[in-house]
Amino acid sequence: MAKIETLRDLLIDELMDLYNAEQQLVKALPKMANAANNEDLKDGFTEHLAQTEGHVERLEQVFGLLEAPVKGKKCKAMEGLIAEGEEKIDEDASATLKDAALICAAQKVEHYEIAGYGTVRTFAEVLGYDDIVSILQETLDEESETDETLTAIASSINAELQP
Ligand code: FE
Ligand code: FE
């Protein structure tokens, strides 16, 4: 991306970060689903994989509306979050503890996305791009729902871990 001179430039730059982040997640979520032991958690990851593929498509739609190239920019934060998730996958821990660790990693990912989508949604609002605001809001809502689902699954897993 060239120099950032306007809010529109910054919006596109952040969208490119999210586009790459979502693509990285599409590759990582099947591994998370595989590593999960709890059935609800496994299903949750699989369901969020389908949603994440939709998030990639929505971003492509947004680039189209902005008449900007459909291009990502390496999201170093997602790379790090996924690397931490992979450490959890390889952890030699009991099934339930591993699930608790996977949820922790996944919620860090969701919160990162929520911050990113909240920002681009608001930038689009400020710029008066109403159709883009609604597209980004849809994804933001799905990220928040996923976070809430993970919290609900965590409470039953944590109950099992209570000494
Ligand atoms: Fe997403
Ligand atoms: Fe997500």
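Readers should treat all values here as calculations from the given coordinates under stated rules, not as data from a laboratory. On a predicted model such as this, the values are computed, not experimentally measured, just so you know. A quick note on method: Cβ atoms are made from the backbone with ideal geometry, for glycine too, and the neighbour counts reach across all protein chains shown.
Computed 3J(HN,Hα) for the stretch 149-163, one whole-Hz value per residue from the Karplus formula 6.51 cos²θ - 1.76 cosθ + 1.60 where θ = phi - 60°, is 4, 4, 4, 5, 5, 4, 5, 6, 5, 5, 5, 5, 8, 5, x, glycine and proline marked x.
Rounded to the nearest Hz, the phi-derived 3J(HN,Hα) couplings of the stretch 109-125 under the Karplus curve 6.51 cos²θ - 1.76 cosθ + 1.60 (θ = phi - 60°) are 5, 4, 5, 4, 5, 4, 5, x, 5, x, 5, 5, 4, 5, 4, 5, 4, where x marks glycine and proline. Only Lys, Arg, Asp and Glu carry charge here, each on its Cβ (+1 for the first two, -1 for the last two); on that basis the stretch 7-160 has a dipole of about 500 debye about its Cα centre. Each Cα pair under 8 Å and six or more residues apart adds its separation to the average, and for the chain the resulting relative contact order is 28 percent.
Residues Leu41, Leu161, arranged from fewest to most other Cβ atoms within 10 angstrom of their Cβ, appear as Leu161, Leu41. Across the chain, Cα-Cα distances exceeding 29 Å account for 23% of all pairs. May I ask which residue of Leu150, Ser94, Leu25 lies farthest towards the positive end of the charge dipole of the chain, with charges of +1 (Lys, Arg) and -1 (Asp, Glu) on Cβ and the Cα centre as origin? The Cα lying farthest towards the positive end belongs to Leu25.
Need the C-alpha centroid separation for the stretch 1-71 versus the stretch 128-163, integer Å. Distance between centres, Cα-based: 15 Å. Mind checking which lysines have their C-alpha under 22 Å from Lys31, skipping anything on the same chain fewer than 8 residues away? Within the straight-line cut-off, Lys31 pairs with Lys42, Lys74, Lys76, Lys88, Lys98, Lys108.
Packing, taken as the mean count of other beta carbons within 10 Å per residue, orders the peptides 10-18, 44-52, 85-93, 129-137 from highest to lowest as 10-18, 44-52, 129-137, 85-93.
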